[in-house]
Amino acid sequence: MKRIFLLFLVLLVGFAGLLVVRTLTFRSRQLAVTPVAPEPFDSLALAGRLAGALKFATISNQDSSAFDAQVFDGFQRYLFDSFPRVHATLAREVVNGYGLLYTWTGSDAALAPIVLLAHQDVVPIESGTEQKWTEPPFGGVIANGYVWGRGALDDKGSLLGIMEAVEHLVAAGVTPRRTVYLAFGFDEEVGGRRGATRIAALLASRHVQPEFVLDEGGVLATGLLPGVSGPVALVGIAEKGYLTAELTAKAAGGHSSMPPGETAVGILAAGIARLEQHELPRAIRGPTAEMFDYIGPQLPFGQRLVVANRWLFSGLLASRFGRTPYGNAMLRTTTAPTVFQAGVKENVLPSSARALVNFRILPGDSVAGVLAHVRDVVHDARITVNPYQTAVAEPSPVTSVDGEPFQLLARTIRQTIPGVVVTPWLVVAGTDSRHYTTLTPNVLRFVGATIGNDDLRRIHGTDERIGVGDYVNVVRVYVQLLRNAAM
């Protein structure tokens with residue numbers, strides 16, 4: 001008995017030693033760089049031009065007939081007037097009415113070009129919330145160290161930041177060796193089918209094969225990752241797929257005074273409840289696994305031990321990380337009932353009920369797999385399941401973190417923002433970049449704007465804003481990226 005106990009003790013100590021050794025050898029993947037001197041900018045001038053852009057209510061609506069061409073015309077004239085050197089130096093093309101494609105021709109045609117993306121459009125202001133804004137959503141106000149307004153973060157801060165960077169470099173007499181494209185869609189918020197899709201198709205028709213494409217989607221996060229004290233640059237290397245499933249239940253209608261045992265509303269509600277109770281499983285894979293590889297070495301010892309030994313603690317890690325809605329979204333295909341429609345009068349039993357359930361699809365899952373999951377979980381012949389008529393998209397390909405484009409962007413960020421931790425990231429929403437994945441395997445998503453927990457609600461919500469100093473960082477990152485990648 002004593003020998004068995006000793007053997008058990010030796011095995012336990014050896015096992016614990018293995019965990020500790022793996023933790024101690026879990027090395028940082030942060031690039032060692034020398035910070036660059038900050039580019040000299042007049043921060044108030046930068047903020048003023050961004051504020052001016054936010055005064056244009058370039059709203060995208062699902063109903064394309066509501067498109068306000070006059071507002072978009074005004075915004076594009078504003079760009080022309082605000083960035084004279086860009087428009088004097090770069091070739092400008094208008095694609096499908098309001099898409100913008102700028103070409104800054106490089107001196108070495110043998111080098112693959114780069115493409116910087118942004119979008120001109122913004123989401124509407126939710127009716128009834130206008131008075132809840134600290135500053136008018138389309139007022140273009142600078143106050144208390146912030147530029148306030150719809151589009152400050154999504155995505156005019158990025159678009160104006162790109163233009164500022166190019167204007168700055170042109171003014172300095174810089175000529176790129178590598179051709180640079182600036183591609184600005186005008187309907188990203190409703191899928192990008194008229195804007196980014198057409199610009200990408202135009203580039204494809206010209207056989208453009210970019211070295212990389214950079215879009216929005218990743219940010220400079222503070223306080224979003226437990227255990228990491230400093231800012232973290234979240235570089236999107238993939239984004240989730242998109243599917244809305246339409247569920248329709250049929251049952252006998254009639255007078256509400258004589259209801260059957262099950263109504264169309266009850267049948268469909270039960271099916272929706274089953275979907276919420278039986279979601280697709282969590283998984284640490286792809287971009288999320290890469291994120292843990294980059295973040296893990298920066299964590300305190302206890303948390304680092306868990307991440308370094310995912311083979312043992314993956315369940316615990318997924319459980320803890322998935323406690324927040326954002327963490328959960330990075331670990332699974334999410335299920336979100338968004339619309340439920342039935343009935344025309346309070347005393348009439350509807351003969352049908354309809355619901356829409358939105359799924360954001362984790363890389364590794366598929367549209368077909370999600371539809372099969374829905375039908376299997378609902379498991380009711382009275383409920384039909386079909387993909388809804390809006391955009392359906394598979395998860396994007398995953399950009400390699402070992403490739404030069406990711407490493408170049410990581411180096412750029414650390415040169416510009418000293419001490420920042422850079423990590424790969426899964427973008428849980430959709431961007432225009434998905435329309436460019438057929439042109440290059442290297443599609444990245446990052447804007448150097450700082451986002452904290454309090455800012456997440458502002459994106460597409462009330463009081464969208466960006467700090468004046470944070471916006472200067474956005475411009476500086478673009479300038480350094482262009483110097484590193486194209487000069």
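Within segment 322-335, how many residues are free of Cβ contacts under 8 Å to residues at least 24 places away in the same chain and either among the aromatic types (Phe, Trp, Tyr) or open to solvent by 30 Å² or more (accessible area, probe 1.4 Å) (or both)?
Total meeting the criteria: 3.
So, in segment 122-132, of the ones that are part of a loop (DSSP other than H, G, I, E, B) and under 24 Å from the mean Cα position of the chain (by Cα), which residue ends up surrounded by the most Cβ atoms within 10 Å (Cβ to Cβ)?
ILE125
Check segment 8-29 and report whether any residue there is within 30 Å of LEU299 (Cβ to Cβ), under 26 Å from the mean Cα position of the chain (by Cα) and part of a loop (DSSP other than H, G, I, E, B).
yes
Please specify each residue of segment 249-266 satisfying the condition of being within 15 Å of ASP380 (Cα to Cα) and either touching a helix residue (DSSP H, G or I) at 6+ places or on another chain (Cβ under 8 Å) or not β-branched (Val, Ile, Thr) (or both).
Of everything in segment 249-266, those that are within 15 Å of ASP380 (Cα to Cα) and either touching a helix residue (DSSP H, G or I) at 6+ places or on another chain (Cβ under 8 Å) or not β-branched (Val, Ile, Thr) (or both) turn out to be ALA249, LYS250, ALA251, GLU262, ALA264, GLY266.
Can you work out which of the residues in segment 388-411 that are modelled with pLDDT of 95 or more and outside any loop (DSSP other than H, G, I, E, B) is farthest from ARG375 (Cα to Cα)?
Among residues in segment 388-411 that are modelled with pLDDT of 95 or more and outside any loop (DSSP other than H, G, I, E, B), the one farthest from ARG375 (Cα to Cα) is ARG411.
Looking at segment 100-121, I want the residues that are open to solvent by 10 Å² or more (accessible area, probe 1.4 Å) and have a partner that is aromatic (Phe, Trp, Tyr) with Cβ atoms under 7 Å, at least 6 apart or on another chain. Which pairs are those?
Filtered contacts from segment 100-121: THR103/TYR181; PRO113/TYR181.
Please list, ordered by first then second residue, the pairs with beta carbon atoms under 7 Å, 6 or more apart or interchain, first in segment 221-243 and of a type in the set (Phe, Trp, Tyr), second open to solvent by less than 20 Å² (accessible area, probe 1.4 Å).
TYR242/ILE361
Could you identify the single residue in LYS156, LYS132 that is closer than 23 Å to ALA200 by Cα and among the basic types (Lys, Arg)?
LYS156 is the lone residue from the list that is closer than 23 Å to ALA200 by Cα and among the basic types (Lys, Arg).
Which residue out of GLY430, GLY364 is open to solvent by 40 Å² or more (accessible area, probe 1.4 Å), within 16 Å of ILE237 (Cβ to Cβ), touching a Lys or Arg at 6+ places or on another chain (Cβ under 9 Å) and touching a residue at least 60 places away in the same chain (Cβ under 8 Å)?
The match here is GLY364.
Among the residues of segment 147-170, are any modelled with pLDDT of 95 or more and in a strand (DSSP E or B)?
yes
Provide a single number: the residues in segment 415-455 that are in a helix (DSSP H, G or I) and under 12 Å from the mean Cα position of the chain (by Cα).
Of the residues in that region, 3 qualify.
The values are calculated or read from the model by the stated rules, or taken from the named source; none is laboratory data. Source: prediction; values computed, not measured. FYI the Cβ positions are ideal-geometry reconstructions off the backbone, even for glycines, and counts take in every protein chain you see. Areas reflect the complete protein model, heavy atoms only, side chains present, ligands, DNA and RNA absent. Shrake-Rupley method; radii C 1.70, N 1.55, O 1.52, S 1.80 Å.
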